[in-house]
Structures are given as structure tokens and as C-alpha cells.
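See below for the structure under consideration.
The values are calculated or read from the model by the stated rules, or taken from the named source; none is laboratory data. Just so we're clear, the structure is a prediction, and the values are computed from it rather than from any experiment. Because the Cβ atoms are built from the backbone with ideal geometry, glycine has one as well, and the counts that use them run over all protein chains shown. Keep in mind that these areas ignore ligands, DNA and RNA; they rest on the heavy atoms of the full protein, side chains included. Shrake-Rupley method; radii C 1.70, N 1.55, O 1.52, S 1.80 Å.
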Amino acid sequence: MHPKLSGPMLAPLSGSAPKQLVVLLHGYGSNGDDLIGLAPSWQSILPDALFVSPNAHEGLPGYPSGFQWFAIDFDGDRVSGRQRGLEAAAPVLVQFLQDAWAQTGLAAKDTVVAGFSQGAMMALHVGLSLPEPLVGVIAFSGALVPPPGFGGPSLPKPPVCIVHGDMDQVVDPSLGEEANTALVAAGYTVRYHVSRGVGHGISPDGLGFASDFIAAVAAPK
């Protein structure tokens with residue numbers, strides 16, 4: 001039994017039953033109240049979407065309102081630490097998605113998964129591992145840790161949007177570039193944007209780029 005995730009949500013702007021699902025994954029030490037703030041920027045594009053921003057399943061010692069998807073080994077090998085952390089956390093998010101789909105009658109084909117920083121790593125790792133394709137995956141200031149089977153014929157290839165600030169001092173901007181290169185080489189359709197002069201955050205131009213991506217891949221036709 002995996003831990004159950006919960007967090008803030010916004011009902012469809014249209015007032016109808018949800019026809020789409022947008023899952024927003026916060027970064028290390030934050031919580032769902034942070035990323036749910038993206039929803040108003042996208043509600044006009046997806047008026048029938050339910051937006052959900054779950055708190056990660058692990059609390060952060062010393063920070064009552066902070067959560068983590070996995071612990072960071074600040075003194076060790078960050079790369080292997082991410083791999084171990086994502087592999088351990090992935091089933092929790094997969095269970096959350098399956099529960100959300102069961103409760104709403106929706107499916108992967110109706111779902112966008114977006115994340116920031118550690119949440120972006122989760123979005124990419126889990127979003128590219130599912131047996132059915134998502135509508136799209138959005139990664140702000142993250143890194144790609146490929147899931148098992150990445151690039152192979154057994155996994156679908158949903159469109160991906162990568163946004164990264166070129167002045168990011170928390171998650172190196174080169175990791176966004178590396179993710180783009182690896183995804184394109186593996187046959188994914190990728191939209192990649194570098195926010196100039198931006199650190200570890202989501203700038204207006206980066207948010208606008210992601211909004212255009214959502215409009216292209218997920219907006220009702």
C-alpha cells in the first residue's frame with residue numbers, strides 16, 4: 001500500500017464535470033499550495049480541466065509545511081541519489097494518478113502532468129513511464145532521469161515541454177539542455193525554452209511558453 005497523496009485543487013472553470021486533469025507537482029521543500037498557483041493561468045485554455053496539486057508523501061524535517069518527493073544527498077552523488085529517489089517515489093505518484101482517474105472517469109489521454117524542480121523530475125520520470133500516453137508533460141527547472149524502457153518501443157512518447165532559466169543556481173541549466181537532447185534523440189516531440197536572466201523559478205516568458213504548449217496539445221479543438 002503506497003501513501004495516499006492529497007492537496008489543493010481547483011474545479012473546472014466551466015462548472016462542468018471534469019473532462020481533463022492537470023496534475024501540478026511542487027518542488028523540494030514546498031507544497032501543493034505553491035504549484036496550484038499555476039492553475040489560474042491555464043484555466044482559460046482548459047476550462048473543463050480539474051487542477052490538482054498534491055503534497056509530496058514525505059515531510060521535510062524542521063519544515064512543518066514543507067514536503068519532498070525524495071531526500072537530497074547534499075554531500076554525496078546527486079545523480080545516483082536522484083535515480084534512487086525517483087525510483088522509490090514513482091509508484092506513489094502512479095497510484096495517485098490511477099486513483100484520480102478512477103474517481104473522475106478520466107484517463108492518461110485526458111491528463112497533463114507538470115512539475116517544478118524536483119516535481120519536474122517526477123513529472124518526467126513518471127510521465128514517460130506510463131503504458132498509455134499523457135496529453136503532455138511539462139518540466140520547469142528540472143532534470144531527466146529516464147525511467148526503465150525509456151526510448152524503447154514498449155512505452156508511448158507524449159509531447160514534452162521543458163523550460164529552464166539560464167541563471168539557475170539550484171538545478172544546473174545544462175540539465176534542461178541535456179533533457180532536451182536526450183528526449184529528441186529518443187524520438188519525443190519536445191518544446192524547449194530557455195528563460196534568459198532567470199534563476200530557479202518560473203518567469204512570465206517561461207509560463208507563457210508552457211501555456212502555448214498546453215494550448216497546442218491539450219486545448220479543446
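Below, the figures for the structure above:
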item	result
Scan of the stretch 183-200 for residues that are free of Cβ contacts under 8 Å to residues at least 12 places away in the same chain and in a loop (DSSP other than H, G, I, E, B), ordered by number	none
The stretch 168-182, subset among the hydrophobic types (A, V, I, L, M, F, W, C) and assigned to a loop (DSSP other than H, G, I, E, B), residue most open to solvent (accessible area, probe 1.4 Å)	Val170
Matching residues, the stretch 165-175, being touching a Leu at 6+ places or on another chain (Cβ under 9 Å) and either among the small types (Gly, Ala, Ser) or farther than 21 Å from Gly208 by Cβ (or both)	Leu175
Residue list for the stretch 117-167, restricted to those being in contact with a helix residue (DSSP H, G or I) (Cβ under 6 Å, 6 or more places away or on another chain) and assigned to a strand (DSSP E or B)	Gly136, Val137, Ile138, Ala139, Phe140, Val160, Cys161, Ile162, Val163, His164
Test for Gly27: is it open to solvent by less than 20 Å² (accessible area, probe 1.4 Å) and not in a strand (DSSP E or B)	yes
Matching residues, the stretch 200-216, being out of contact with any strand residue (DSSP E or B) (no Cβ under 6 Å at 6 or more places or on another chain) and either open to solvent by 30 Å² or more (accessible area, probe 1.4 Å) or farther than 14 Å from Leu35 by Cα (or both)	His200, Pro204, Leu207, Gly208, Ser211, Asp212, Ile214, Ala215, Ala216
Among (1) touching a residue at least 60 places away in the same chain (Cβ under 8 Å); (2) crowded, with 17+ Cβ neighbours inside 10 Å; (3) closer than 18 Å to Ala123 by Cα - the single one Leu46 does not satisfy	(3)
Matching residues, the stretch 1-24, being open to solvent by 10 Å² or more (accessible area, probe 1.4 Å) and assigned to a strand (DSSP E or B)	Met9, Leu10, Gln20
Selection count where residues are within 25 Å of Ala108 (Cβ to Cβ) and out of contact with any strand residue (DSSP E or B) (no Cβ under 6 Å at 6 or more places or on another chain), scope the stretch 16-33	5
